[in-house]
Amino acid sequence: MGRIDTDFLARFFQAAAARLDAQRDELCHLDGEIGDGDHGSSMANGFAAVAALVRGGRHVPEDPAALMREAAAAFLGDVGATVGPLYATAMLDAAKALDRGPLPLDRSPEFLAAMAGGIARRGKAGPGDKTMLDAWLPAVHAAELALREGASVSEAAWRAAASARAGAEATATMIASRGRAARLKERSLGHRDPGAVSAALILEGFAEAVGPRPAGIGA
């Protein structure tokens with residue numbers, strides 16, 4: 001069984017960065033409907049900075065917790081928007097989950113839950129607030145449930161990604177109560193939350209780092 005170690009984190013960072021960059025314009029368009037229109041650039045640039053830590057022969061610390069802390073600093077240093085502190089906190093909390101060393105992949109829900117917990121604490125948001133947590137929290141639950149049911153770690157990761165995508169789609173039926181979109185109140189209905197959509201892309205990157213998508217699981 002694989003582990004969440006520095007090699008895994010390198011794959012995760014690069015897969016997430018590639019997915020966010022490919023959807024940069026779409027995320028900016030979504031954000032333009034209910035926000036400032038810069039979410040795609042913020043997320044793509046932030047994860048590009050994180051991916052740069054492990055690209056091109058650069059020194060990568062052997063300790064995955066140390067790499068996560070470097071990732072938090074790189075993301076925050078590149079992203080000045082509200083999302084910068086949210087994901088930096090998520091990465092710092094994930095680093096704490098790795099402080100005793102790499103986690104086996106069958107404990108990946110702990111890693112994902114740590115990231116979601118950091119976002120929730122920093123953003124003071126919860127489920128149904130029409131934020132990125134409406135993708136992160138279903139993903140954590142789906143991963144936990146899949147592993148309890150005996151799924152492989154790859155299947156669990158892709159179920160989590162599919163749940164994140166479904167959660168992001170469901171934000172179109174919600175009224176925003178956090179972030180800039182909250183000022184729109186009922187006018188935020190009918191629009192997907194860009195933070196939830198980008199979160200789904202990140203979780204797809206995580207699943208890609210775990211392994212190929214099993215047949216029959218959408219994302």
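The values are calculated or read from the model by the stated rules, or taken from the named source; none is laboratory data. The model shown is predicted, which means the values in this text are computed figures rather than measured ones. Heads up, the Cβs are rebuilt from the backbone with ideal geometry, glycines too, and the neighbour counts pull from every protein chain shown.
Values computed for the structure shown
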{"quantity": "Counted residues, region 75-124 - those being surrounded by fewer than 22 Cβ atoms within 10 Å (Cβ to Cβ), more than 19 Å from LEU9 (Cβ to Cβ) and hydrophobic (A, V, I, L, M, F, W, C)", "calculated": "1"}
{"quantity": "Qualifying residue in region 52-72 (condition: touching a Gly at 6+ places or on another chain (Cβ under 8 Å), over 15 Å from ILE4 (Cα atoms) and surrounded by fewer than 18 Cβ atoms within 10 Å (Cβ to Cβ))", "calculated": "no"}
{"quantity": "Any hit, region 33-42, residues being part of a helix (DSSP H, G or I) and farther than 14 Å from GLY195 by Cβ", "calculated": "no"}
{"quantity": "Pairs with Cβ under 8 Å, 6+ apart, first in region 18-31 and of a type in the set (Asp, Glu) and surrounded by 14 or more Cβ atoms within 10 Å (Cβ to Cβ), second in a helix (DSSP H, G or I) and modelled with pLDDT under 95", "calculated": "GLU26/GLY40; ASP31/HIS39; ASP31/GLY40; ASP31/PRO194"}
